[in-house]
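Working notes, beginning with the structure itself.
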Amino acid sequence: MNDRVLLDVEGLVVGYGETEILHGVSLRIARQELVAVVGPNGAGKSTLAKAVVGLLRPWSGSLRFGGQSIVGVAPEELVRMGIAYLPQLDNVFQTMSVRENLELAGHLRRDRRDERIEEMYRLFPDLERFARAPAQDLSGGQRQMLALARAVMLEPVLLLLDEPSAGLSPALADDLFEKVRELKELGVALLVVEQNVERALQIADRAYVLAAGANRFEGSGSDLLADKEMGRLYLGG
Ligand SMILES: Nc1ncnc2c1ncn2[C@@H]1O[C@H](COP(=O)(O)OP(=O)(O)O)[C@@H](O)[C@H]1O
Ligand SMILES: [Mg+2]
């Protein structure tokens, strides 16, 4: 297999309790690639992300990161291996200050912590302005930037973002997608789960469409944007 492949998911089957949700999903991400996963509510996008970051154990199929199987590897160990995750909900500590949120995010990687916080302030200037404020005082957009910065603090090789633009106005979502593009330029590979299909396809190198727990379409962002059936089903056009 091509050694540029960073994450290789093959035939992933997983669910909750007795209920199977993903029925054999496959996906690949190359180093420094920005891949979007889109699809209707309940398609299994968050479930896929949770399986990749070790929060759900696959029932069958393979998960390989840098050529090595990561099935059964604990979430903290995956962080050390370079996989960071921004969950869909509850992704900042509301009563802690912005700075404390960043410090806590860095606890798994103590080296260069203050230096990395300074890097986050450069990337997200609002966070420095509000460093001493509790996270709950931030606007929705600033809070999402803080959540993103917390994940970037871990210096990931692969960063999974679950619906980072949820709840943001179109203008704030644009700012956020701009930051996501910047992270790619810094050399991070990104898997971005999005309900904003059009924007996700615009920024993605490649994308996968999931529907009812299975792969439905895949291709470059621009090809999917131009695809008639894709447009009819998922782009309202
Ligand atoms: N913790 C859970 N326990 C049981 N079922 C769940 C749980 N989380 C999600 N599901 C179910 O799994 C399916 C896929 O959910 P999810 O992966 O969150 O979809 P998406 O992120 O694409 O909206 C849905 O039918 C949802 O109800
Ligand atoms: Mg979801």
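No lab work stands behind these numbers, since they all come straight from the coordinates. Note that the structure is a prediction, hence the values are computed from the model and not measured.
Enumerate the calculated ³J(HN,Hα) couplings along the range 25-36 in order (Karplus 6.51 cos²θ - 1.76 cosθ + 1.60, θ = phi - 60°), each rounded to whole Hz, writing x wherever the residue is Gly or Pro.
8, 10, 6, 9, 10, 8, 4, 6, 8, 10, 10, 9
Just the Cα atoms of the chain: what Rg and Dmax do they give in Å?
Using the Cα atoms of the chain, the pair Rg, Dmax is 17.4, 50 Å.
Could you list which residues have their amide H under 5 Å from that of Ser26, counting only those 5 or more apart in sequence or on another chain, with H placed in the peptide plane?
Sorted by chain and number, the residues that satisfy this are Gly11, Leu12, Asn215.
Expressed as a whole number of Å, what is the distance separating the alpha-carbon centroids of the range 123-202 and the range 203-229?
If we compute the Cα centre of each part, the gap is 22 Å.
Please report how far the C-alpha centroid of the range 1-56 lies from that of the range 91-108, rounded to the nearest whole angstrom.
Result: 27 Å between the Cα centres.
In whole Å, what are the Cα extents of the range 102-237 along the three principal axes, biggest one first?
Principal extents (Cα only, largest first): 49, 28, 26 Å.
Per DSSP helix of 4 or more residues, -39500 (n - 2.57); summed, then divided by the residues of the chain. What does that give at 222 nm, rounded to the nearest 500?
After summing the helix terms and dividing by the residues of the chain, the value is -10500 deg cm²/dmol.
Which value does Rg/Rh take for the range 91-155 over its C-alpha atoms, Rh per Kirkwood?
Taking Rh as the inverse mean 1/r over Cα pairs, Rg/Rh reads 0.92.
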